[in-house]
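Written out below as structure tokens is the structure these notes cover.
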Amino acid sequence: MAELTLRLGHCVVVDGVNDSEGARQTWRTAAVATEAVLDFVYLTMADSREHERRLSRRRLRHSSEGSARV
């Protein structure tokens, strides 16, 4: 969807955790294919305890999603 939007000449802003090289490469590939400018913005937290707390909550949330029955 983002690549199609770029091809139409519109801007795309993605707000997400792209914590793997593969995820970031997906955006690089789309930018090259559409001749778009790509910028990554890295946000960090100065409070390492709060950062760890948020990560642990995310891990718990994702692990429970995998066990859900449909």
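Observations on the model:
- Test result for residue 55, part of a loop (DSSP other than H, G, I, E, B) and either among the basic types (Lys, Arg) or more than 23 Å from residue 3 (Cβ to Cβ) (or both): no
- Scanning the range 29-44 for residues that are within 9 Å of residue 6 (Cα to Cα), open to solvent by less than 100 Å² (accessible area, probe 1.4 Å) and over 17 Å from the mean Cα position of the chain (by Cα) yields 34, 36.
- Criterion (in contact (Cβ under 8 Å) with a residue 12 or more places away in the chain and of a type outside the set (Gly, Ala, Ser)) met by exactly one of 44, 34, 5, 26: 34
- The range 7-19: number of residues that are closer than 30 Å to residue 58 by Cα and more than 9 Å from the chain's Cα centre (by Cα): 3
The values are calculated or read from the model by the stated rules, or taken from the named source; none is laboratory data. No experiment lies behind these values; they were computed from the predicted model shown. Methodologically, a virtual Cβ is constructed for each residue, glycine included, from the backbone with ideal geometry; neighbour enumeration extends over all protein chains shown. The accessibility values were calculated without ligands, DNA or RNA, using every heavy atom of the protein model including side chains. Shrake-Rupley method; radii C 1.70, N 1.55, O 1.52, S 1.80 Å.
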